[in-house]
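Only one structure is covered here, and it is reproduced in the block below.
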Amino acid sequence: MDPLLLGAIVAIATIVVLFSGVSVALGLLIVSGGFLIIFDGVRSLELMPEILFGKLNNFALLSIPMFIIMGASIASTRAGADLYEALERWLTRVPGGLVVSNLGACALFSAMSGSSPATCAAIGKMGIPEMRKRGYPDEVAAGSIAAGGTLGILIPPSVTMIVYGIATETSIGRLFLAGVIPGLLLVGLFMAWSLYSTWKSGNAQVLTAKSYTWREKVEILPRVLPFLAIILGVLYAMYGGIATPSETAAVGALLCLVIAMVIYKLWNPNDLWMVLRDSTRESVMILFIIAAAGVFSYMLSSLFITQSIAQWIGTLDVNRWVLMGAVNIFLLIAGFFLPPVAVILMAAPILLPIITTAGFDPIWFAVVLTINMEIGLISPPVGLNLYVINGIAPDISLKTILKGSLPYVACMVIAILLLCIFPGLATWLPNAVMGVGV
(Lines give C-alpha, C1' and ligand atoms only; values in the text may rest on other atoms or scores of the structure.)
Protein backbone atom coordinates (compact mmCIF):
# COMPACT_ATOMS: atom_id res chain seq x y z
CA MET A 1 0.00 0.00 0.00
CA ASP A 2 1.17 3.53 -0.74
CA PRO A 3 2.66 5.01 2.48
CA LEU A 4 0.82 8.32 1.99
CA LEU A 5 -2.54 6.54 1.69
CA LEU A 6 -1.61 4.40 4.67
CA GLY A 7 -0.77 7.57 6.60
CA ALA A 8 -4.23 8.97 5.88
CA ILE A 9 -5.81 5.73 7.10
CA VAL A 10 -3.69 5.86 10.29
CA ALA A 11 -4.76 9.47 10.88
CA ILE A 12 -8.45 8.63 10.49
CA ALA A 13 -8.13 5.56 12.71
CA THR A 14 -6.33 7.59 15.39
CA ILE A 15 -9.05 10.26 15.39
CA VAL A 16 -11.80 7.64 15.64
CA VAL A 17 -10.08 5.81 18.52
CA LEU A 18 -9.34 9.01 20.47
CA PHE A 19 -12.90 10.27 20.02
CA SER A 20 -14.22 6.96 21.36
CA GLY A 21 -13.36 8.16 24.84
CA VAL A 22 -10.27 6.09 25.66
CA SER A 23 -7.26 7.85 27.14
CA VAL A 24 -4.74 9.39 24.75
CA ALA A 25 -1.95 6.97 25.73
CA LEU A 26 -4.12 3.86 25.46
CA GLY A 27 -5.55 5.07 22.15
CA LEU A 28 -2.07 5.51 20.67
CA LEU A 29 -1.09 2.01 21.80
CA ILE A 30 -4.26 0.51 20.28
CA VAL A 31 -3.66 2.19 16.92
CA SER A 32 0.05 1.36 16.92
CA GLY A 33 -0.47 -2.27 17.87
CA GLY A 34 -3.26 -2.74 15.35
CA PHE A 35 -1.33 -1.44 12.35
CA LEU A 36 1.87 -3.25 13.36
CA ILE A 37 -0.06 -6.55 13.51
CA ILE A 38 -1.73 -5.96 10.15
CA PHE A 39 1.41 -4.98 8.22
CA ASP A 40 4.30 -6.55 10.15
CA GLY A 41 2.66 -9.53 11.81
CA VAL A 42 2.02 -10.48 15.42
CA ARG A 43 5.75 -10.87 16.14
CA SER A 44 6.19 -7.11 15.73
CA LEU A 45 4.44 -6.70 19.09
CA GLU A 46 7.48 -8.22 20.79
CA LEU A 47 9.25 -4.90 20.29
CA MET A 48 6.51 -2.81 21.90
CA PRO A 49 7.52 -3.34 25.55
CA GLU A 50 11.15 -2.55 24.74
CA ILE A 51 10.17 0.64 22.90
CA LEU A 52 7.64 1.59 25.58
CA PHE A 53 10.09 1.38 28.47
CA GLY A 54 13.06 2.49 26.39
CA LYS A 55 11.31 5.80 25.72
CA LEU A 56 11.14 6.37 29.46
CA ASN A 57 14.84 5.59 29.94
CA ASN A 58 15.79 9.25 29.78
CA PHE A 59 17.28 11.21 32.69
CA ALA A 60 15.67 14.43 31.44
CA LEU A 61 12.22 12.95 32.14
CA LEU A 62 12.90 13.28 35.87
CA SER A 63 12.37 17.02 35.53
CA ILE A 64 8.69 16.52 34.66
CA PRO A 65 7.46 15.11 38.02
CA MET A 66 9.78 17.50 39.87
CA PHE A 67 8.38 20.60 38.17
CA ILE A 68 4.86 19.23 38.66
CA ILE A 69 5.49 18.80 42.41
CA MET A 70 6.93 22.31 42.43
CA GLY A 71 3.74 23.70 40.87
CA ALA A 72 1.38 21.54 42.97
CA SER A 73 2.96 22.64 46.25
CA ILE A 74 2.49 26.29 45.24
CA ALA A 75 -1.05 25.76 43.94
CA SER A 76 -2.10 24.06 47.20
CA THR A 77 -1.39 27.24 49.20
CA ARG A 78 -2.53 30.87 49.16
CA ALA A 79 0.54 31.79 47.09
CA GLY A 80 -1.61 32.73 44.09
CA ALA A 81 -3.90 34.94 46.14
CA ASP A 82 -0.94 36.58 47.90
CA LEU A 83 0.81 37.18 44.58
CA TYR A 84 -2.34 38.78 43.21
CA GLU A 85 -2.75 40.97 46.30
CA ALA A 86 0.89 42.04 46.21
CA LEU A 87 0.70 43.15 42.58
CA GLU A 88 -2.62 44.89 43.16
CA ARG A 89 -1.16 46.92 46.04
CA TRP A 90 2.00 47.88 44.16
CA LEU A 91 0.26 48.68 40.84
CA THR A 92 -2.63 50.59 42.37
CA ARG A 93 -1.63 53.89 40.70
CA VAL A 94 -1.33 52.36 37.25
CA PRO A 95 -4.44 53.06 35.09
CA GLY A 96 -6.44 49.83 35.03
CA GLY A 97 -4.12 48.50 37.73
CA LEU A 98 -6.50 45.72 38.71
CA VAL A 99 -6.63 43.99 35.32
CA VAL A 100 -2.89 44.62 34.89
CA SER A 101 -2.35 43.03 38.31
CA ASN A 102 -4.37 39.98 37.34
CA LEU A 103 -2.45 39.40 34.11
CA GLY A 104 0.88 40.08 35.83
CA ALA A 105 -0.07 37.62 38.57
CA CYS A 106 -0.96 35.04 35.90
CA ALA A 107 2.46 35.52 34.28
CA LEU A 108 4.36 35.17 37.57
CA PHE A 109 2.26 32.28 38.84
CA SER A 110 2.78 30.53 35.50
CA ALA A 111 6.52 30.81 36.05
CA MET A 112 6.10 29.23 39.48
CA SER A 113 3.64 26.47 38.61
CA GLY A 114 4.07 25.75 34.88
CA SER A 115 0.38 24.78 34.74
CA SER A 116 -2.38 26.60 32.88
CA PRO A 117 -5.39 25.22 34.82
CA ALA A 118 -3.61 25.83 38.15
CA THR A 119 -2.89 29.45 37.13
CA CYS A 120 -6.52 30.03 36.12
CA ALA A 121 -7.80 28.57 39.37
CA ALA A 122 -5.33 30.27 41.71
CA ILE A 123 -5.55 33.79 40.25
CA GLY A 124 -9.18 33.56 39.12
CA LYS A 125 -10.54 32.77 42.59
CA MET A 126 -9.38 36.19 43.79
CA GLY A 127 -9.19 38.22 40.60
CA ILE A 128 -12.56 37.56 38.94
CA PRO A 129 -14.79 38.44 41.94
CA GLU A 130 -12.68 41.53 42.67
CA MET A 131 -12.82 42.79 39.07
CA ARG A 132 -16.58 42.23 38.88
CA LYS A 133 -17.09 43.99 42.21
CA ARG A 134 -15.27 47.05 40.91
CA GLY A 135 -17.28 47.24 37.72
CA TYR A 136 -15.12 45.49 35.13
CA PRO A 137 -17.21 43.81 32.39
CA ASP A 138 -17.73 40.07 32.90
CA GLU A 139 -16.12 39.41 29.51
CA VAL A 140 -12.92 41.19 30.56
CA ALA A 141 -12.87 39.62 34.04
CA ALA A 142 -13.31 36.06 32.76
CA GLY A 143 -11.52 36.35 29.41
CA SER A 144 -8.37 37.96 30.81
CA ILE A 145 -7.88 35.22 33.44
CA ALA A 146 -8.64 32.43 30.94
CA ALA A 147 -6.06 33.88 28.54
CA GLY A 148 -3.55 34.69 31.28
CA GLY A 149 -3.72 31.09 32.46
CA THR A 150 -2.48 29.84 29.09
CA LEU A 151 0.89 31.44 29.81
CA GLY A 152 1.63 28.46 32.05
CA ILE A 153 2.75 26.34 29.09
CA LEU A 154 4.96 29.06 27.56
CA ILE A 155 6.73 30.93 30.36
CA PRO A 156 9.48 28.75 31.90
CA PRO A 157 9.62 26.35 33.57
CA SER A 158 7.15 24.75 31.17
CA VAL A 159 6.34 21.03 31.13
CA THR A 160 5.23 21.43 27.52
CA MET A 161 8.67 22.71 26.53
CA ILE A 162 10.30 19.82 28.37
CA VAL A 163 8.15 17.35 26.42
CA TYR A 164 9.00 19.07 23.13
CA GLY A 165 12.70 19.00 24.01
CA ILE A 166 12.58 15.28 24.76
CA ALA A 167 10.50 14.47 21.67
CA THR A 168 12.78 16.41 19.32
CA GLU A 169 16.09 15.99 21.22
CA THR A 170 16.33 19.78 21.54
CA SER A 171 18.04 21.62 24.41
CA ILE A 172 15.49 22.16 27.20
CA GLY A 173 17.52 25.10 28.50
CA ARG A 174 17.26 26.86 25.12
CA LEU A 175 13.54 26.13 24.94
CA PHE A 176 12.95 27.67 28.36
CA LEU A 177 14.80 30.83 27.34
CA ALA A 178 12.97 30.96 24.00
CA GLY A 179 9.64 31.27 25.81
CA VAL A 180 10.59 34.29 27.91
CA ILE A 181 10.31 37.19 25.43
CA PRO A 182 7.26 35.78 23.56
CA GLY A 183 5.64 35.20 26.95
CA LEU A 184 6.22 38.83 27.94
CA LEU A 185 4.99 39.90 24.50
CA LEU A 186 1.74 38.03 25.06
CA VAL A 187 1.36 39.58 28.52
CA GLY A 188 1.76 43.02 26.96
CA LEU A 189 -0.79 42.29 24.23
CA PHE A 190 -3.25 40.88 26.76
CA MET A 191 -2.87 43.96 28.97
CA ALA A 192 -3.30 46.35 26.04
CA TRP A 193 -6.53 44.69 24.91
CA SER A 194 -7.90 44.44 28.48
CA LEU A 195 -7.35 48.16 29.10
CA TYR A 196 -8.84 49.11 25.73
CA SER A 197 -11.84 46.83 26.26
CA THR A 198 -12.47 48.27 29.72
CA TRP A 199 -12.17 51.84 28.47
CA LYS A 200 -14.48 51.05 25.56
CA SER A 201 -17.14 49.79 27.99
CA GLY A 202 -17.65 53.43 29.03
CA ASN A 203 -17.07 52.96 32.76
CA ALA A 204 -13.83 54.91 33.14
CA GLN A 205 -14.02 54.72 36.95
CA VAL A 206 -12.91 51.09 36.93
CA LEU A 207 -9.56 52.14 35.49
CA THR A 208 -8.67 53.66 38.85
CA ALA A 209 -8.08 51.54 41.93
CA LYS A 210 -8.09 52.23 45.64
CA SER A 211 -4.90 53.40 47.30
CA TYR A 212 -2.75 51.45 49.77
CA THR A 213 -0.31 52.63 52.40
CA TRP A 214 3.38 51.75 52.22
CA ARG A 215 2.88 49.47 55.22
CA GLU A 216 0.18 47.52 53.37
CA LYS A 217 2.43 47.24 50.32
CA VAL A 218 5.44 45.96 52.26
CA GLU A 219 3.69 43.54 54.63
CA ILE A 220 2.62 41.24 51.78
CA LEU A 221 6.11 40.84 50.30
CA PRO A 222 7.50 38.20 52.73
CA ARG A 223 4.83 35.79 51.50
CA VAL A 224 5.68 35.97 47.79
CA LEU A 225 9.37 36.89 47.56
CA PRO A 226 10.63 33.42 48.67
CA PHE A 227 8.78 31.74 45.79
CA LEU A 228 10.09 34.29 43.30
CA ALA A 229 13.59 33.76 44.71
CA ILE A 230 13.25 30.02 44.04
CA ILE A 231 12.32 30.68 40.41
CA LEU A 232 15.32 32.99 39.95
CA GLY A 233 17.53 30.46 41.74
CA VAL A 234 16.36 27.60 39.52
CA LEU A 235 17.01 29.63 36.38
CA TYR A 236 20.43 30.78 37.65
CA ALA A 237 21.46 27.22 38.53
CA MET A 238 20.32 25.98 35.13
CA TYR A 239 21.95 28.67 33.00
CA GLY A 240 24.93 29.26 35.25
CA GLY A 241 26.15 25.74 34.56
CA ILE A 242 25.66 24.70 38.18
CA ALA A 243 23.15 21.90 37.55
CA THR A 244 21.08 20.18 34.86
CA PRO A 245 17.36 20.92 34.40
CA SER A 246 16.47 17.69 36.22
CA GLU A 247 18.69 18.53 39.18
CA THR A 248 17.44 22.11 39.47
CA ALA A 249 13.83 20.88 39.21
CA ALA A 250 14.43 18.47 42.12
CA VAL A 251 15.93 21.20 44.30
CA GLY A 252 13.16 23.62 43.32
CA ALA A 253 10.47 21.07 44.22
CA LEU A 254 12.03 20.44 47.63
CA LEU A 255 12.36 24.16 48.40
CA CYS A 256 8.78 24.88 47.30
CA LEU A 257 7.51 22.15 49.61
CA VAL A 258 9.58 23.51 52.50
CA ILE A 259 8.39 27.09 51.94
CA ALA A 260 4.76 25.92 51.64
CA MET A 261 5.18 24.14 54.99
CA VAL A 262 6.96 27.04 56.73
CA ILE A 263 5.11 30.10 55.37
CA TYR A 264 1.66 28.60 54.71
CA LYS A 265 1.70 26.00 57.51
CA LEU A 266 1.16 23.08 55.15
CA TRP A 267 1.83 20.61 57.95
CA ASN A 268 -1.28 18.48 57.69
CA PRO A 269 -0.25 15.03 56.40
CA ASN A 270 -3.47 14.82 54.37
CA ASP A 271 -2.62 18.07 52.55
CA LEU A 272 0.92 16.88 51.82
CA TRP A 273 -0.44 13.54 50.64
CA MET A 274 -2.82 15.32 48.24
CA VAL A 275 0.06 17.32 46.76
CA LEU A 276 2.13 14.18 46.18
CA ARG A 277 -0.87 12.13 45.03
CA ASP A 278 -2.02 14.69 42.45
CA SER A 279 1.55 15.25 41.26
CA THR A 280 2.11 11.51 40.85
CA ARG A 281 -1.16 11.10 38.95
CA GLU A 282 -0.36 13.93 36.52
CA SER A 283 3.26 12.77 36.10
CA VAL A 284 2.24 9.19 35.33
CA MET A 285 -0.32 10.42 32.81
CA ILE A 286 2.27 12.51 30.96
CA LEU A 287 4.94 9.80 31.09
CA PHE A 288 2.47 7.19 29.84
CA ILE A 289 1.61 9.44 26.90
CA ILE A 290 5.33 9.93 26.18
CA ALA A 291 5.93 6.17 26.21
CA ALA A 292 2.88 5.45 24.04
CA ALA A 293 3.87 8.21 21.62
CA GLY A 294 7.25 6.49 21.28
CA VAL A 295 5.51 3.33 20.12
CA PHE A 296 3.29 5.39 17.80
CA SER A 297 6.37 7.08 16.28
CA TYR A 298 8.02 3.69 15.80
CA MET A 299 4.93 2.42 13.98
CA LEU A 300 4.88 5.46 11.67
CA SER A 301 8.57 5.05 10.93
CA SER A 302 8.53 1.28 10.43
CA LEU A 303 5.69 1.63 7.91
CA PHE A 304 7.63 4.46 6.16
CA ILE A 305 4.79 6.90 6.76
CA THR A 306 6.91 9.63 8.38
CA GLN A 307 9.62 9.45 5.74
CA SER A 308 7.11 9.48 2.88
CA ILE A 309 5.21 12.50 4.21
CA ALA A 310 8.43 14.46 4.69
CA GLN A 311 9.63 13.49 1.23
CA TRP A 312 6.28 14.38 -0.37
CA ILE A 313 6.16 17.80 1.27
CA GLY A 314 9.78 18.38 0.28
CA THR A 315 8.83 17.91 -3.38
CA LEU A 316 5.98 20.44 -3.21
CA ASP A 317 6.74 23.62 -5.10
CA VAL A 318 5.30 26.01 -2.51
CA ASN A 319 6.66 28.94 -0.57
CA ARG A 320 7.96 27.89 2.84
CA TRP A 321 5.65 30.38 4.55
CA VAL A 322 2.66 28.81 2.84
CA LEU A 323 3.91 25.53 4.26
CA MET A 324 4.24 27.07 7.72
CA GLY A 325 0.72 28.46 7.42
CA ALA A 326 -0.60 24.97 6.70
CA VAL A 327 1.34 23.59 9.67
CA ASN A 328 -0.18 26.27 11.93
CA ILE A 329 -3.69 25.43 10.77
CA PHE A 330 -3.04 21.75 11.47
CA LEU A 331 -1.71 22.53 14.97
CA LEU A 332 -4.59 24.87 15.68
CA ILE A 333 -7.20 22.25 14.78
CA ALA A 334 -5.34 19.53 16.72
CA GLY A 335 -5.15 21.84 19.75
CA PHE A 336 -8.94 22.24 19.71
CA PHE A 337 -9.40 18.55 20.53
CA LEU A 338 -6.23 17.22 22.18
CA PRO A 339 -4.06 18.31 25.14
CA PRO A 340 -0.76 20.05 24.26
CA VAL A 341 1.43 17.14 25.39
CA ALA A 342 -0.41 14.70 23.12
CA VAL A 343 -0.25 17.02 20.10
CA ILE A 344 3.49 17.60 20.53
CA LEU A 345 4.34 13.92 20.94
CA MET A 346 2.18 12.85 18.00
CA ALA A 347 3.11 15.66 15.62
CA ALA A 348 6.79 16.30 16.40
CA PRO A 349 8.19 13.18 14.63
CA ILE A 350 6.38 14.21 11.44
CA LEU A 351 6.71 18.00 11.59
CA LEU A 352 10.32 18.38 12.74
CA PRO A 353 11.93 17.05 9.52
CA ILE A 354 9.54 19.21 7.51
CA ILE A 355 10.23 22.49 9.29
CA THR A 356 13.99 21.94 9.42
CA THR A 357 14.07 21.05 5.70
CA ALA A 358 12.15 24.27 5.00
CA GLY A 359 14.82 26.23 6.87
CA PHE A 360 12.94 27.00 10.09
CA ASP A 361 14.63 26.98 13.50
CA PRO A 362 13.29 24.16 15.75
CA ILE A 363 13.64 26.41 18.82
CA TRP A 364 11.57 29.13 17.15
CA PHE A 365 9.05 26.53 16.00
CA ALA A 366 8.64 25.28 19.57
CA VAL A 367 7.37 28.72 20.60
CA VAL A 368 4.99 28.95 17.62
CA LEU A 369 3.68 25.45 18.37
CA THR A 370 3.18 26.31 22.05
CA ILE A 371 1.19 29.47 21.26
CA ASN A 372 -1.03 27.37 18.99
CA MET A 373 -1.59 25.04 21.93
CA GLU A 374 -2.44 28.06 24.11
CA ILE A 375 -5.17 29.00 21.64
CA GLY A 376 -6.59 25.50 22.02
CA LEU A 377 -6.83 25.96 25.80
CA ILE A 378 -9.35 28.81 25.40
CA SER A 379 -11.17 27.55 22.31
CA PRO A 380 -14.10 25.10 22.10
CA PRO A 381 -14.94 22.27 22.08
CA VAL A 382 -12.33 21.23 24.68
CA GLY A 383 -11.03 24.62 25.89
CA LEU A 384 -9.93 23.43 29.35
CA ASN A 385 -9.40 26.94 30.74
CA LEU A 386 -12.94 27.96 29.78
CA TYR A 387 -14.36 25.24 32.02
CA VAL A 388 -11.97 26.10 34.85
CA ILE A 389 -13.20 29.70 34.78
CA ASN A 390 -16.82 28.54 34.61
CA GLY A 391 -16.18 26.42 37.71
CA ILE A 392 -14.79 29.44 39.56
CA ALA A 393 -17.60 31.79 38.49
CA PRO A 394 -20.60 29.56 37.57
CA ASP A 395 -22.91 32.57 37.22
CA ILE A 396 -20.84 33.69 34.18
CA SER A 397 -22.06 31.65 31.22
CA LEU A 398 -19.68 29.70 29.00
CA LYS A 399 -20.88 31.85 26.11
CA THR A 400 -19.76 35.01 27.93
CA ILE A 401 -16.41 33.46 28.88
CA LEU A 402 -15.85 32.33 25.29
CA LYS A 403 -16.82 35.75 23.92
CA GLY A 404 -14.41 37.38 26.36
CA SER A 405 -11.57 35.04 25.43
CA LEU A 406 -11.84 35.42 21.63
CA PRO A 407 -10.01 38.80 21.50
CA TYR A 408 -7.13 37.16 23.37
CA VAL A 409 -7.05 34.45 20.68
CA ALA A 410 -6.55 37.32 18.21
CA CYS A 411 -3.69 38.59 20.41
CA MET A 412 -2.04 35.15 20.17
CA VAL A 413 -2.44 35.13 16.39
CA ILE A 414 -0.78 38.57 16.30
CA ALA A 415 2.05 37.17 18.44
CA ILE A 416 2.55 34.30 15.97
CA LEU A 417 2.66 36.77 13.07
CA LEU A 418 5.21 38.91 14.94
CA LEU A 419 7.32 35.81 15.58
CA CYS A 420 7.22 35.02 11.86
CA ILE A 421 8.31 38.56 10.97
CA PHE A 422 10.83 38.83 13.81
CA PRO A 423 12.03 35.28 14.65
CA GLY A 424 14.69 36.81 16.90
CA LEU A 425 11.96 37.33 19.50
CA ALA A 426 12.32 33.62 20.25
CA THR A 427 15.93 32.92 19.27
CA TRP A 428 17.84 35.99 20.49
CA LEU A 429 17.81 35.22 24.23
CA PRO A 430 18.85 31.54 23.92
CA ASN A 431 21.69 32.55 21.58
CA ALA A 432 22.75 35.44 23.83
CA VAL A 433 22.84 33.31 26.98
CA MET A 434 23.97 29.92 25.65
CA GLY A 435 25.70 30.84 22.40
CA VAL A 436 24.62 30.25 18.82
CA GLY A 437 23.66 26.64 18.13
CA VAL A 438 20.88 24.09 18.36
**OP:** Tell me which of these residue 37 doesn't satisfy, since it passes every other one: (1) closer than 19 Å to residue 290 by Cβ; (2) surrounded by fewer than 20 Cβ atoms within 10 Å (Cβ to Cβ).
**Re:** (1)
Subject >> Residues of region 147-184 satisfying the condition of being under 26 Å from residue 89 (Cβ atoms), part of a helix (DSSP H, G or I) and either in contact with a Leu (Cβ under 6 Å, 6 or more places away or on another chain) or not small (Gly, Ala, Ser) (or both) >> reply: 148, 150, 151, 180, 183, 184
Original post:
Does any residue in region 60-88 that is within 15 Å of residue 112 (Cβ to Cβ) come within less than 6 Å, Cβ to Cβ, of a residue that is surrounded by fewer than 24 Cβ atoms within 10 Å (Cβ to Cβ) and among the charged types (D, E, K, R) six or more places away or on a different chain, and which pairs are these?
Top reply: 68/282; 72/278; 82/223
**OP:** Restricting attention to region 153-169, report how many residues are touching a helix residue (DSSP H, G or I) at 6+ places or on another chain (Cβ under 6 Å) and without any contact (Cβ under 8 Å) to a residue 60 or more places away in the chain.
**Re:** 1
Subject >> Lone unmet requirement of (1) modelled with pLDDT under 80; (2) surrounded by fewer than 18 Cβ atoms within 10 Å (Cβ to Cβ); (3) not acidic (Asp, Glu) for residue 74 >> reply: (2)
**OP:** Would you check if there is a residue in region 80-101 being among the β-branched types (Val, Ile, Thr) and part of a helix (DSSP H, G or I)?
**Re:** yes
Original post:
For residue 356, which of the numbered conditions (1) in contact with an Asp or Glu (Cβ under 6 Å, 6 or more places away or on another chain); (2) hydroxyl-bearing (Ser, Thr, Tyr); (3) within 29 Å of residue 303 (Cβ to Cβ) fails to hold?
Top reply: (1)
Original post:
Can you tell me which residues in region 23-38 are touching a helix residue (DSSP H, G or I) at 6+ places or on another chain (Cβ under 8 Å) and under 20 Å from residue 7 (Cβ atoms)?
Top reply: 24, 27, 28, 29, 30, 31, 32, 33, 34, 35, 36, 37
Original post:
Among the residues of region 181-196, how many are buried (at least 21 other Cβ atoms within 10 Å of the Cβ) and β-branched (Val, Ile, Thr)?
Top reply: 1
**OP:** State whether one or more residues within region 128-148 are under 30 Å from residue 61 (Cα atoms), surrounded by fewer than 24 Cβ atoms within 10 Å (Cβ to Cβ) and in contact (Cβ under 8 Å) with a residue 40 or more places away in the chain.
**Re:** no
Original post:
Taking the stated definitions as given, is residue 331 in contact with a Ser or Thr (Cβ under 6 Å, 6 or more places away or on another chain) and of a type outside the set (Asp, Glu)?
Top reply: no
Subject >> Residues of region 170-202 satisfying the condition of being basic (Lys, Arg) and in contact (Cβ under 8 Å) with a residue 12 or more places away in the chain >> reply: 174
Subject >> residue 334 vs. criteria surrounded by 18 or more Cβ atoms within 10 Å (Cβ to Cβ), part of a helix (DSSP H, G or I) and touching a residue at least 60 places away in the same chain (Cβ under 8 Å) >> reply: no
Original post:
Is one or more of the residues making up region 44-65 of a type in the set (Val, Ile, Thr), crowded, with 20+ Cβ neighbours inside 10 Å and part of a helix (DSSP H, G or I)?
Top reply: yes
Subject >> Residues that are out of contact with any Ser or Thr (no Cβ under 7 Å at 6 or more places or on another chain), modelled with pLDDT under 80 and part of a helix (DSSP H, G or I), drawn from region 234-247 >> reply: 235, 236, 239
Original post:
Just a yes or no: is a residue in region 286-306 free of Cβ contacts under 8 Å to residues at least 12 places away in the same chain and either within 18 Å of residue 66 (Cβ to Cβ) or surrounded by fewer than 17 Cβ atoms within 10 Å (Cβ to Cβ) (or both)?
Top reply: no
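The values are calculated or read from the model by the stated rules, or taken from the named source; none is laboratory data. Fair warning: this is a prediction, and the values are worked out from it, not measured in the lab. So basically every Cβ, Gly included, is an ideal-geometry build from the backbone, and we count neighbours across all protein chains shown.
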